Amino acid sequence: MEVQNKKWDMKKFSEMRQEVLNQWPTGKEVDFEEAVRYHQNLPKNQIMTNKLREAATKNNTLIQPRAGVALLDEHIELLKFLRQKGKADVLPTTIDSYTRQNRYEEAEKGIKESEKAGRSLLNGFPAVNYGVKKCRKVIESVDCPVQVRHGTPDARLLAEITLAGGFTDFEGGGISYNVPYAKKISIEQSIYYWQYVDRLVGIYEENGISLNREPFGPLTGTLVPPCISHSIGIIEGLLAAEQGVRNITLGYGQCGNLIQDVAAVETLKELSAEYLKDYDVMLTTAFHQWMGGFPQDEAQAFGVISWGAATAALSKATKVIVKTPHEAFGVPTKEANAEGLRATRQVINMLKDQRMISSQELEKEKEIIKRETRQILSKVYELGEGDWAKGAVRAFEAGVLDVPFAPSQFNAGKILPARDNSGAVRFLNFGSIPFDDKIKEFHRRKLAERAKAENREVSFQMVIDDIYAIGQGMLVGRMDSKIA
Ligand code: 5AD
(Lines give C-alpha, C1' and ligand atoms only; values in the text may rest on other atoms or scores of the structure.)
Protein backbone atom coordinates (compact mmCIF):
# COMPACT_ATOMS: atom_id res chain seq x y z
CA MET A 1 0.00 0.00 0.00
CA GLU A 2 1.15 3.51 -0.71
CA VAL A 3 -1.17 6.21 0.56
CA GLN A 4 -2.00 9.06 -1.73
CA ASN A 5 -3.54 12.38 -0.89
CA LYS A 6 -6.56 11.78 -3.08
CA LYS A 7 -10.24 11.94 -2.16
CA TRP A 8 -11.63 8.43 -1.68
CA ASP A 9 -14.47 7.39 -3.95
CA MET A 10 -17.72 6.08 -2.45
CA LYS A 11 -16.99 2.49 -3.46
CA LYS A 12 -13.71 2.37 -1.55
CA PHE A 13 -15.31 4.05 1.47
CA SER A 14 -18.42 1.83 1.54
CA GLU A 15 -16.43 -1.38 1.28
CA MET A 16 -14.31 -0.43 4.22
CA ARG A 17 -17.32 0.80 6.16
CA GLN A 18 -18.82 -2.69 6.40
CA GLU A 19 -15.65 -3.97 7.94
CA VAL A 20 -15.37 -1.03 10.34
CA LEU A 21 -18.94 -1.28 11.60
CA ASN A 22 -18.43 -4.99 12.28
CA GLN A 23 -15.50 -4.39 14.61
CA TRP A 24 -17.77 -4.23 17.68
CA PRO A 25 -21.53 -4.98 18.10
CA THR A 26 -22.45 -1.30 18.65
CA GLY A 27 -21.34 -0.62 15.07
CA LYS A 28 -24.73 -1.99 14.01
CA GLU A 29 -26.42 1.00 15.64
CA VAL A 30 -24.94 3.31 13.01
CA ASP A 31 -27.53 4.26 10.39
CA PHE A 32 -26.05 7.14 8.38
CA GLU A 33 -29.30 8.56 6.95
CA GLU A 34 -30.86 8.53 10.38
CA ALA A 35 -27.75 10.16 11.88
CA VAL A 36 -27.99 12.97 9.33
CA ARG A 37 -31.59 13.59 10.44
CA TYR A 38 -30.48 13.57 14.07
CA HIS A 39 -27.86 16.25 13.33
CA GLN A 40 -30.40 18.31 11.37
CA ASN A 41 -32.50 18.47 14.52
CA LEU A 42 -29.67 19.35 16.91
CA PRO A 43 -30.14 22.77 18.52
CA LYS A 44 -27.94 25.41 16.84
CA ASN A 45 -26.06 26.04 20.09
CA GLN A 46 -24.84 22.43 20.08
CA ILE A 47 -23.03 22.71 16.77
CA MET A 48 -19.31 23.31 17.27
CA THR A 49 -18.72 25.15 14.00
CA ASN A 50 -21.34 27.77 15.01
CA LYS A 51 -19.54 28.42 18.29
CA LEU A 52 -16.13 28.57 16.62
CA ARG A 53 -17.30 30.91 13.86
CA GLU A 54 -18.87 33.27 16.37
CA ALA A 55 -15.74 33.28 18.59
CA ALA A 56 -13.42 33.84 15.62
CA THR A 57 -15.55 36.72 14.33
CA LYS A 58 -15.65 38.44 17.70
CA ASN A 59 -12.00 37.66 18.53
CA ASN A 60 -13.11 35.78 21.65
CA THR A 61 -11.26 32.82 23.13
CA LEU A 62 -13.51 29.90 24.11
CA ILE A 63 -12.57 27.74 27.10
CA GLN A 64 -12.71 23.94 26.99
CA PRO A 65 -11.70 21.35 29.62
CA ARG A 66 -10.69 17.73 29.15
CA ALA A 67 -12.97 15.21 30.88
CA GLY A 68 -14.08 11.62 30.66
CA VAL A 69 -15.04 8.85 33.09
CA ALA A 70 -16.14 5.23 32.73
CA LEU A 71 -19.80 5.38 33.77
CA LEU A 72 -22.47 7.04 31.64
CA ASP A 73 -24.40 8.79 34.41
CA GLU A 74 -21.22 9.93 36.11
CA HIS A 75 -19.89 11.25 32.80
CA ILE A 76 -23.08 13.23 32.20
CA GLU A 77 -22.92 14.63 35.71
CA LEU A 78 -19.27 15.61 35.16
CA LEU A 79 -20.00 17.47 31.93
CA LYS A 80 -22.95 19.33 33.46
CA PHE A 81 -20.79 20.30 36.40
CA LEU A 82 -18.01 21.68 34.15
CA ARG A 83 -20.57 23.70 32.26
CA GLN A 84 -22.36 25.02 35.36
CA LYS A 85 -19.51 25.43 37.85
CA GLY A 86 -16.63 25.87 35.41
CA LYS A 87 -18.56 27.88 32.81
CA ALA A 88 -16.94 25.91 30.00
CA ASP A 89 -17.96 27.30 26.60
CA VAL A 90 -17.62 23.95 24.87
CA LEU A 91 -17.30 20.46 26.33
CA PRO A 92 -15.14 17.43 25.61
CA THR A 93 -15.49 13.76 26.00
CA THR A 94 -12.07 12.30 26.66
CA ILE A 95 -11.87 8.66 25.59
CA ASP A 96 -10.19 5.96 27.75
CA SER A 97 -6.90 4.29 26.81
CA TYR A 98 -8.37 0.83 26.00
CA THR A 99 -10.72 2.34 23.43
CA ARG A 100 -7.83 4.37 22.00
CA GLN A 101 -6.07 1.09 21.34
CA ASN A 102 -9.22 -0.62 19.98
CA ARG A 103 -9.28 -2.98 22.98
CA TYR A 104 -13.05 -2.94 23.40
CA GLU A 105 -13.26 -6.15 25.43
CA GLU A 106 -11.03 -4.67 28.10
CA ALA A 107 -13.02 -1.44 28.01
CA GLU A 108 -16.14 -3.55 28.60
CA LYS A 109 -14.52 -5.13 31.66
CA GLY A 110 -13.55 -1.64 32.81
CA ILE A 111 -17.19 -0.55 32.64
CA LYS A 112 -18.36 -3.64 34.58
CA GLU A 113 -15.71 -3.22 37.26
CA SER A 114 -16.44 0.48 37.56
CA GLU A 115 -20.12 -0.34 38.06
CA LYS A 116 -19.18 -2.77 40.82
CA ALA A 117 -16.80 -0.31 42.45
CA GLY A 118 -19.24 2.57 42.06
CA ARG A 119 -16.51 4.79 40.61
CA SER A 120 -14.54 5.19 37.42
CA LEU A 121 -11.75 2.69 36.88
CA LEU A 122 -11.03 3.91 33.34
CA ASN A 123 -9.21 7.10 32.39
CA GLY A 124 -11.94 8.22 30.00
CA PHE A 125 -15.35 7.51 28.48
CA PRO A 126 -15.49 4.27 26.43
CA ALA A 127 -17.76 5.64 23.69
CA VAL A 128 -17.54 2.64 21.34
CA ASN A 129 -18.80 0.26 24.01
CA TYR A 130 -21.66 2.60 24.93
CA GLY A 131 -22.74 2.97 21.31
CA VAL A 132 -24.78 5.55 19.42
CA LYS A 133 -27.86 5.81 21.65
CA LYS A 134 -25.92 6.30 24.86
CA CYS A 135 -23.66 8.89 23.22
CA ARG A 136 -26.82 10.78 22.33
CA LYS A 137 -27.84 10.70 25.99
CA VAL A 138 -24.63 12.61 26.75
CA ILE A 139 -25.31 15.16 24.00
CA GLU A 140 -28.93 15.63 25.07
CA SER A 141 -27.92 16.27 28.70
CA VAL A 142 -25.95 19.42 27.94
CA ASP A 143 -26.57 22.71 26.15
CA CYS A 144 -23.36 23.27 24.18
CA PRO A 145 -21.29 21.46 21.54
CA VAL A 146 -19.30 18.39 22.59
CA GLN A 147 -16.03 17.27 21.03
CA VAL A 148 -14.41 13.83 21.05
CA ARG A 149 -10.83 14.01 22.39
CA HIS A 150 -8.66 10.91 22.43
CA GLY A 151 -5.31 9.72 21.00
CA THR A 152 -6.31 6.90 18.66
CA PRO A 153 -4.29 5.79 15.63
CA ASP A 154 -7.26 3.83 14.21
CA ALA A 155 -10.32 5.90 15.16
CA ARG A 156 -12.60 4.75 12.36
CA LEU A 157 -15.22 3.01 14.50
CA LEU A 158 -14.96 5.63 17.26
CA ALA A 159 -15.70 8.34 14.67
CA GLU A 160 -18.63 6.40 13.18
CA ILE A 161 -20.25 5.92 16.58
CA THR A 162 -19.61 9.32 18.14
CA LEU A 163 -20.53 11.32 15.04
CA ALA A 164 -23.75 9.31 14.63
CA GLY A 165 -24.13 9.95 18.37
CA GLY A 166 -24.31 13.72 17.91
CA PHE A 167 -20.79 14.89 18.66
CA THR A 168 -19.94 17.77 16.31
CA ASP A 169 -16.15 17.87 16.57
CA PHE A 170 -13.51 15.14 16.36
CA GLU A 171 -9.91 15.57 17.43
CA GLY A 172 -6.85 13.86 15.95
CA GLY A 173 -5.03 13.06 12.76
CA GLY A 174 -2.94 10.44 11.01
CA ILE A 175 0.33 11.83 12.35
CA SER A 176 -0.61 13.62 15.57
CA TYR A 177 -2.58 10.64 16.93
CA ASN A 178 0.07 8.14 15.96
CA VAL A 179 3.61 9.41 16.55
CA PRO A 180 3.09 10.62 20.16
CA TYR A 181 0.87 7.65 21.11
CA ALA A 182 1.99 4.46 19.36
CA LYS A 183 5.24 2.61 18.89
CA LYS A 184 4.64 0.21 16.07
CA ILE A 185 2.02 1.65 13.74
CA SER A 186 3.47 3.02 10.51
CA ILE A 187 2.74 6.58 9.45
CA GLU A 188 1.32 5.24 6.22
CA GLN A 189 -1.13 3.01 8.08
CA SER A 190 -2.43 5.71 10.40
CA ILE A 191 -2.74 8.27 7.59
CA TYR A 192 -4.86 5.70 5.76
CA TYR A 193 -7.12 5.15 8.82
CA TRP A 194 -7.51 8.90 9.22
CA GLN A 195 -8.40 9.40 5.57
CA TYR A 196 -11.42 7.26 6.39
CA VAL A 197 -12.33 9.50 9.34
CA ASP A 198 -11.89 12.64 7.23
CA ARG A 199 -13.89 11.15 4.38
CA LEU A 200 -16.69 10.27 6.83
CA VAL A 201 -16.74 13.89 8.00
CA GLY A 202 -16.68 14.95 4.34
CA ILE A 203 -19.74 12.80 3.61
CA TYR A 204 -21.61 14.40 6.52
CA GLU A 205 -20.69 17.80 5.03
CA GLU A 206 -21.98 16.72 1.63
CA ASN A 207 -25.26 15.91 3.38
CA GLY A 208 -25.47 19.39 4.88
CA ILE A 209 -24.09 18.56 8.32
CA SER A 210 -21.36 20.87 9.55
CA LEU A 211 -18.68 19.15 11.64
CA ASN A 212 -15.30 20.29 12.91
CA ARG A 213 -11.97 18.46 12.84
CA GLU A 214 -8.99 19.29 15.03
CA PRO A 215 -5.51 17.86 14.46
CA PHE A 216 -3.75 17.41 17.82
CA GLY A 217 -1.31 20.31 17.97
CA PRO A 218 0.89 19.64 21.01
CA LEU A 219 2.19 16.23 19.85
CA THR A 220 4.39 14.98 22.70
CA GLY A 221 3.70 18.15 24.65
CA THR A 222 7.22 18.86 25.80
CA LEU A 223 9.52 21.42 24.15
CA VAL A 224 8.07 20.92 20.66
CA PRO A 225 9.36 23.79 18.49
CA PRO A 226 6.48 25.66 16.76
CA CYS A 227 7.71 24.86 13.23
CA ILE A 228 7.42 21.13 13.94
CA SER A 229 3.83 21.23 15.16
CA HIS A 230 2.87 23.80 12.50
CA SER A 231 4.23 21.60 9.70
CA ILE A 232 2.38 18.53 10.95
CA GLY A 233 -0.85 20.45 11.63
CA ILE A 234 -0.84 21.99 8.16
CA ILE A 235 -0.20 18.60 6.52
CA GLU A 236 -3.08 17.05 8.49
CA GLY A 237 -5.25 20.02 7.53
CA LEU A 238 -4.44 19.49 3.86
CA LEU A 239 -5.15 15.75 4.09
CA ALA A 240 -8.48 16.44 5.84
CA ALA A 241 -9.55 19.11 3.35
CA GLU A 242 -8.82 16.76 0.45
CA GLN A 243 -11.32 14.25 1.90
CA GLY A 244 -14.01 16.93 2.11
CA VAL A 245 -13.56 18.33 5.63
CA ARG A 246 -14.72 21.96 5.70
CA ASN A 247 -13.90 23.15 9.24
CA ILE A 248 -10.48 22.71 10.78
CA THR A 249 -9.03 23.87 14.08
CA LEU A 250 -5.24 23.79 14.16
CA GLY A 251 -3.64 23.39 17.56
CA TYR A 252 -0.50 24.58 19.28
CA GLY A 253 0.89 23.61 22.67
CA GLN A 254 2.24 26.41 24.87
CA CYS A 255 6.03 26.55 25.05
CA GLY A 256 6.15 29.23 27.75
CA ASN A 257 7.87 32.27 26.23
CA LEU A 258 5.15 34.86 25.53
CA ILE A 259 6.60 36.31 22.35
CA GLN A 260 7.34 32.91 20.84
CA ASP A 261 3.88 31.62 21.76
CA VAL A 262 2.01 34.63 20.35
CA ALA A 263 4.17 34.48 17.23
CA ALA A 264 3.33 30.77 16.96
CA VAL A 265 -0.45 31.23 17.08
CA GLU A 266 -0.35 34.17 14.68
CA THR A 267 1.84 32.31 12.18
CA LEU A 268 -0.30 29.19 12.51
CA LYS A 269 -3.25 31.28 11.33
CA GLU A 270 -1.28 32.91 8.51
CA LEU A 271 0.53 29.82 7.25
CA SER A 272 -2.53 27.56 7.34
CA ALA A 273 -4.55 30.11 5.36
CA GLU A 274 -1.73 30.22 2.83
CA TYR A 275 -1.29 26.45 2.45
CA LEU A 276 -5.02 25.66 2.41
CA LYS A 277 -6.02 28.51 0.10
CA ASP A 278 -7.30 26.15 -2.61
CA TYR A 279 -9.84 24.57 -0.26
CA ASP A 280 -13.09 26.07 0.97
CA VAL A 281 -12.45 25.69 4.71
CA MET A 282 -13.04 27.63 7.92
CA LEU A 283 -9.77 27.70 9.88
CA THR A 284 -9.59 28.34 13.61
CA THR A 285 -6.96 27.78 16.32
CA ALA A 286 -6.71 25.92 19.63
CA PHE A 287 -4.10 26.91 22.23
CA HIS A 288 -3.16 24.21 24.73
CA GLN A 289 -2.06 25.29 28.17
CA TRP A 290 1.32 23.76 29.06
CA MET A 291 1.28 20.05 28.13
CA GLY A 292 4.50 19.02 29.85
CA GLY A 293 5.18 18.16 33.46
CA PHE A 294 3.33 20.22 36.09
CA PRO A 295 4.21 21.28 39.63
CA GLN A 296 2.51 19.13 42.28
CA ASP A 297 1.63 22.14 44.41
CA GLU A 298 -1.83 23.42 43.41
CA ALA A 299 -0.97 27.08 43.88
CA GLN A 300 2.00 26.70 41.56
CA ALA A 301 -0.16 24.78 39.09
CA PHE A 302 -2.59 27.73 39.01
CA GLY A 303 0.37 29.91 38.11
CA VAL A 304 1.12 27.70 35.09
CA ILE A 305 -2.57 27.58 34.14
CA SER A 306 -2.95 31.35 34.37
CA TRP A 307 0.13 32.02 32.28
CA GLY A 308 -1.33 29.74 29.60
CA ALA A 309 -4.64 31.57 29.82
CA ALA A 310 -2.90 34.93 29.41
CA THR A 311 -0.98 33.73 26.39
CA ALA A 312 -4.10 32.26 24.79
CA ALA A 313 -5.96 35.54 25.24
CA LEU A 314 -3.13 37.70 23.91
CA SER A 315 -2.59 35.44 20.90
CA LYS A 316 -6.33 35.57 20.13
CA ALA A 317 -6.57 31.80 19.78
CA THR A 318 -10.14 30.73 19.03
CA LYS A 319 -10.12 28.24 21.89
CA VAL A 320 -7.96 27.37 24.88
CA ILE A 321 -7.72 23.83 26.27
CA VAL A 322 -7.49 24.10 30.02
CA LYS A 323 -5.36 22.20 32.55
CA THR A 324 -6.26 21.52 36.17
CA PRO A 325 -4.43 21.85 39.51
CA HIS A 326 -4.42 18.01 39.64
CA GLU A 327 -2.38 17.69 36.44
CA ALA A 328 0.69 16.29 38.20
CA PHE A 329 -1.39 13.41 39.67
CA GLY A 330 -3.65 12.14 36.89
CA VAL A 331 -7.38 12.33 36.17
CA PRO A 332 -8.69 15.37 38.09
CA THR A 333 -11.78 15.56 40.28
CA LYS A 334 -14.61 17.55 38.77
CA GLU A 335 -14.05 20.30 41.31
CA ALA A 336 -10.37 20.68 40.38
CA ASN A 337 -11.32 20.64 36.71
CA ALA A 338 -13.82 23.46 37.25
CA GLU A 339 -11.21 25.43 39.20
CA GLY A 340 -8.84 25.32 36.22
CA LEU A 341 -11.66 26.63 34.05
CA ARG A 342 -12.55 29.47 36.44
CA ALA A 343 -8.92 30.58 36.80
CA THR A 344 -8.65 30.59 33.02
CA ARG A 345 -11.91 32.48 32.56
CA GLN A 346 -10.81 35.19 34.97
CA VAL A 347 -7.58 35.84 33.08
CA ILE A 348 -9.23 35.64 29.64
CA ASN A 349 -11.87 38.16 30.69
CA MET A 350 -9.22 40.54 31.99
CA LEU A 351 -7.15 40.34 28.82
CA LYS A 352 -9.72 39.98 26.08
CA ASP A 353 -9.67 43.67 25.17
CA GLN A 354 -5.89 43.93 25.23
CA ARG A 355 -3.57 43.27 22.33
CA MET A 356 0.07 42.31 22.11
CA ILE A 357 1.84 45.35 20.76
CA SER A 358 3.44 44.46 17.48
CA SER A 359 7.15 44.76 18.21
CA GLN A 360 10.30 44.09 16.29
CA GLU A 361 10.90 41.07 18.46
CA LEU A 362 7.47 39.61 17.74
CA GLU A 363 7.88 40.21 14.01
CA LYS A 364 11.33 38.63 14.03
CA GLU A 365 10.00 35.55 15.85
CA LYS A 366 7.14 35.24 13.36
CA GLU A 367 9.57 35.50 10.45
CA ILE A 368 11.72 32.72 11.91
CA ILE A 369 8.76 30.38 12.44
CA LYS A 370 7.50 31.03 8.93
CA ARG A 371 10.87 30.44 7.30
CA GLU A 372 11.39 27.22 9.27
CA THR A 373 7.93 25.86 8.55
CA ARG A 374 8.17 26.69 4.85
CA GLN A 375 11.57 25.01 4.59
CA ILE A 376 10.22 21.84 6.21
CA LEU A 377 7.03 21.81 4.13
CA SER A 378 8.89 22.44 0.85
CA LYS A 379 11.03 19.39 1.51
CA VAL A 380 7.98 17.28 2.42
CA TYR A 381 6.29 18.33 -0.82
CA GLU A 382 9.41 17.59 -2.81
CA LEU A 383 9.83 14.14 -1.23
CA GLY A 384 6.19 13.37 -1.98
CA GLU A 385 6.53 14.53 -5.59
CA GLY A 386 3.64 16.90 -5.00
CA ASP A 387 1.61 14.51 -2.81
CA TRP A 388 1.33 15.49 0.88
CA ALA A 389 0.47 11.97 2.08
CA LYS A 390 3.43 10.35 0.35
CA GLY A 391 5.55 13.30 1.37
CA ALA A 392 4.65 12.88 5.04
CA VAL A 393 5.56 9.17 5.01
CA ARG A 394 8.87 9.79 3.25
CA ALA A 395 9.65 12.83 5.40
CA PHE A 396 9.38 10.75 8.57
CA GLU A 397 11.63 8.12 7.00
CA ALA A 398 14.16 10.80 6.16
CA GLY A 399 13.88 12.61 9.52
CA VAL A 400 12.66 15.74 7.71
CA LEU A 401 9.64 15.53 9.96
CA ASP A 402 10.82 14.60 13.44
CA VAL A 403 8.97 14.94 16.75
CA PRO A 404 11.03 15.23 19.95
CA PHE A 405 10.53 12.54 22.63
CA ALA A 406 8.04 10.48 20.61
CA PRO A 407 7.67 6.72 21.21
CA SER A 408 7.07 5.83 17.54
CA GLN A 409 9.71 3.70 15.88
CA PHE A 410 8.76 5.45 12.63
CA ASN A 411 10.03 8.74 14.02
CA ALA A 412 13.74 9.51 13.70
CA GLY A 413 13.97 11.06 17.17
CA LYS A 414 17.15 12.88 16.27
CA ILE A 415 16.24 16.48 16.97
CA LEU A 416 16.83 17.93 20.42
CA PRO A 417 15.12 21.08 21.67
CA ALA A 418 16.30 23.32 24.50
CA ARG A 419 15.32 26.72 25.83
CA ASP A 420 17.27 29.86 25.08
CA ASN A 421 18.07 32.49 27.68
CA SER A 422 14.54 33.91 27.54
CA GLY A 423 12.83 30.54 27.58
CA ALA A 424 11.96 30.28 23.88
CA VAL A 425 12.33 26.73 22.53
CA ARG A 426 15.24 26.38 20.08
CA PHE A 427 17.05 23.50 18.35
CA LEU A 428 20.13 22.05 20.02
CA ASN A 429 20.30 19.20 17.48
CA PHE A 430 18.77 19.64 14.02
CA GLY A 431 18.75 15.96 13.12
CA SER A 432 17.74 15.93 9.44
CA ILE A 433 15.44 18.95 9.58
CA PRO A 434 16.13 20.83 6.33
CA PHE A 435 17.00 24.30 7.64
CA ASP A 436 19.30 26.67 5.78
CA ASP A 437 22.49 27.93 7.41
CA LYS A 438 20.97 31.21 8.46
CA ILE A 439 18.33 29.47 10.59
CA LYS A 440 20.86 27.05 12.06
CA GLU A 441 23.14 29.92 12.96
CA PHE A 442 20.25 31.71 14.70
CA HIS A 443 19.54 28.70 16.93
CA ARG A 444 23.21 28.19 17.75
CA ARG A 445 23.58 31.84 18.70
CA LYS A 446 20.49 31.76 20.93
CA LEU A 447 21.70 28.69 22.84
CA ALA A 448 25.21 30.10 23.12
CA GLU A 449 23.74 33.21 24.81
CA ARG A 450 22.12 31.04 27.43
CA ALA A 451 25.22 28.93 27.94
CA LYS A 452 27.22 32.10 28.56
CA ALA A 453 24.66 33.44 31.04
CA GLU A 454 24.71 30.15 32.95
CA ASN A 455 28.43 29.73 32.66
CA ARG A 456 28.21 26.23 31.19
CA GLU A 457 28.47 24.53 27.83
CA VAL A 458 25.51 24.01 25.53
CA SER A 459 24.78 20.33 26.21
CA PHE A 460 22.23 17.55 26.53
CA GLN A 461 22.03 18.37 30.25
CA MET A 462 20.18 21.57 29.31
CA VAL A 463 17.51 19.51 27.55
CA ILE A 464 17.01 17.38 30.65
CA ASP A 465 16.94 20.40 32.95
CA ASP A 466 14.34 22.06 30.70
CA ILE A 467 12.08 19.00 30.65
CA TYR A 468 11.75 19.12 34.44
CA ALA A 469 11.94 22.90 34.93
CA ILE A 470 8.24 23.86 34.96
CA GLY A 471 7.39 21.00 37.32
CA GLN A 472 10.08 22.34 39.61
CA GLY A 473 8.88 25.90 39.53
CA MET A 474 10.85 27.46 36.66
CA LEU A 475 10.63 27.95 32.89
CA VAL A 476 14.30 27.69 31.96
CA GLY A 477 16.11 24.75 33.58
CA ARG A 478 18.93 26.67 35.16
CA MET A 479 21.07 24.75 37.60
CA ASP A 480 20.87 27.12 40.52
CA SER A 481 17.32 28.41 40.73
CA LYS A 482 14.79 25.72 41.59
CA ILE A 483 12.11 26.84 44.02
CA ALA A 484 10.14 23.63 44.55
N1 5AD B 1 -10.18 13.67 32.41
C2 5AD B 1 -9.56 14.87 32.48
N3 5AD B 1 -8.39 15.13 31.90
C4 5AD B 1 -7.79 14.14 31.22
N5 5AD B 1 -6.62 14.10 30.55
C6 5AD B 1 -6.48 12.86 30.03
N7 5AD B 1 -7.52 12.09 30.38
C8 5AD B 1 -8.36 12.87 31.12
C9 5AD B 1 -9.62 12.65 31.76
N10 5AD B 1 -10.23 11.48 31.68
C11 5AD B 1 -5.73 15.24 30.36
C12 5AD B 1 -4.50 15.28 31.23
C13 5AD B 1 -3.37 14.93 30.28
C14 5AD B 1 -3.88 15.50 28.99
C15 5AD B 1 -3.27 14.97 27.74
O16 5AD B 1 -5.26 15.21 29.02
O17 5AD B 1 -4.32 16.63 31.59
O18 5AD B 1 -2.17 15.50 30.65
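Of interest is the spacing of the C-alpha centroids, which for region 202-223 and region 1-80 amounts to 10 Å.
Subtracting the Cα-Cα distance of GLN346 and GLU449 from 0.36 nm times their residue separation leaves 33.5 nm of extension gain. Rounded to whole Å, give me the distance from the Cα center of region 340-383 to that of region 237-310. Each part reduced to its Cα centre gives a spacing of 8 Å. Accessible surface of region 121-182, 1.4 Å probe: 46 percent of it comes from carbon and sulfur atoms. Run down the lysines and flag those whose C-alpha is under 23 Å from the C-alpha of LYS137, throwing out any fewer than 8 positions away in its chain. List returned: LYS28, LYS44, LYS51, LYS80, LYS85, LYS87, LYS109, LYS112, LYS116, LYS334. Apolar share of the accessible surface for region 358-484: 49 percent from carbon plus sulfur atoms, 1.4 Å probe. Estimated at the nearest 10 Å², the accessible area of LEU72 is 20 Å² with a 1.4 Å probe. When nucleic acids and ligands are ignored and a 1.4 Å probe is applied, ARG345 ends up with an accessible area of around 50 Å². Per residue, how large is the accessible surface of region 10-351? Use a 1.4 angstrom probe and give square angstrom. Result: 33 Å² of accessible area for each residue. Of the whole protein surface, SER186 contributes about 30 Å² of accessible area at a 1.4 Å probe radius.
Can you say what percent of the DSSP beta bridges in the chain, counting only those with both residues inside, are antiparallel? Round to 5.
Working: 4 of 27 bridges.
Beta bridges within the chain, antiparallel portion: roughly 15 percent.
I'd like the projected area of region 106-235, averaged over all directions, using the convex hull of its alpha carbons. Report it in nm² with one decimal. Numbers along the way, then the final one.
Numbers: hull surface 37.8 nm².
About 9.5 nm², averaged over all directions.
For the residues PHE430, PHE81, PHE287, PHE460, a 1.4 Å probe over the protein chains yields an accessible-area ranking, largest first, of PHE460, PHE81, PHE430, PHE287. Cα-Cα pairs above 17 Å in region 270-374: how many percent? It works out to 62 percent of all Cα pairs. The 1.4 Å probe gives accessible areas that order ASP466, ASP73, largest first, as ASP73, ASP466.
For VAL320, the residues 5 or more places off, or on other chains, whose built amide H falls under 5 Å of its own are LEU62, ILE63, GLN64, PHE287. Dividing the alpha-carbon radius of gyration of region 409-457 by the rule-of-thumb value 2.2 N^0.38 Å gives 1.22.
Couplings 3J(HN,Hα) of region 227-238, computed from phi: 5, 6, 5, 4, 4, 5, x, 5, 4, 5, x, 5 Hz, in residue order, whole Hz [Karplus 6.51 cos²θ - 1.76 cosθ + 1.60, θ = phi - 60°; x for Gly and Pro]. The orientation-averaged shadow of the Cα convex hull for region 10-351, equal to a quarter of the hull surface, comes to 15.6 nm². The loop-placed GluC sites (Glu not before Pro) in region 378-475, going by DSSP, that have at most 16 neighbouring Cβ atoms within 10 Å of their Cβ come out as GLU385, GLU457. Our coupling estimate for region 185-200, obtained by passing each phi through the Karplus curve with A = 6.51, B = -1.76, C = 1.60 and θ = phi - 60°, is 9, 5, 4, 4, 4, 6, 5, 4, 4, 6, 5, 4, 4, 5, 5, 4 Hz, Gly and Pro reported as x.
Taking all protein chains together, SER176, SER120 sort by accessible area into SER120, SER176, largest first [probe 1.4 Å].
Using a 1.4 Å probe, what is the accessible area per residue for region 414-484, in Å²? Write out the running numbers ahead of the final one.
Numbers: 3550 Å² over 71 residues.
Here the per-residue accessible area is 50 Å².
Taking 8 Å as the Cα distance limit and 6 or more residues as the minimum spacing, I'd like the relative contact order of the chain as a percentage. The partial results should precede the final answer.
Values: 1020 pairs, mean separation 73.0, N = 484.
Value for the chain: 15 percent.
Summary value for region 414-484: 28 percent relative contact order, contacts being C-alpha pairs under 8 angstrom separated by 6+ residues. Under 5 Å from the amide H of ASP169 lie the amide H atoms of VAL148, ASN212, each residue being 5 or more positions distant or on a separate chain, with H modelled from the backbone and absent for Pro and chain starts.
The values are calculated or read from the model by the stated rules, or taken from the named source; none is laboratory data. This is a predicted model, so every value here is computed, not measured. When we count neighbours, we look across all protein chains shown, and the Cβ atoms used for this are built from the backbone with ideal geometry, even at glycine. For accessibility, only protein heavy atoms count, side chains too; no ligands or nucleic acids. Shrake-Rupley method; radii C 1.70, N 1.55, O 1.52, S 1.80 Å.
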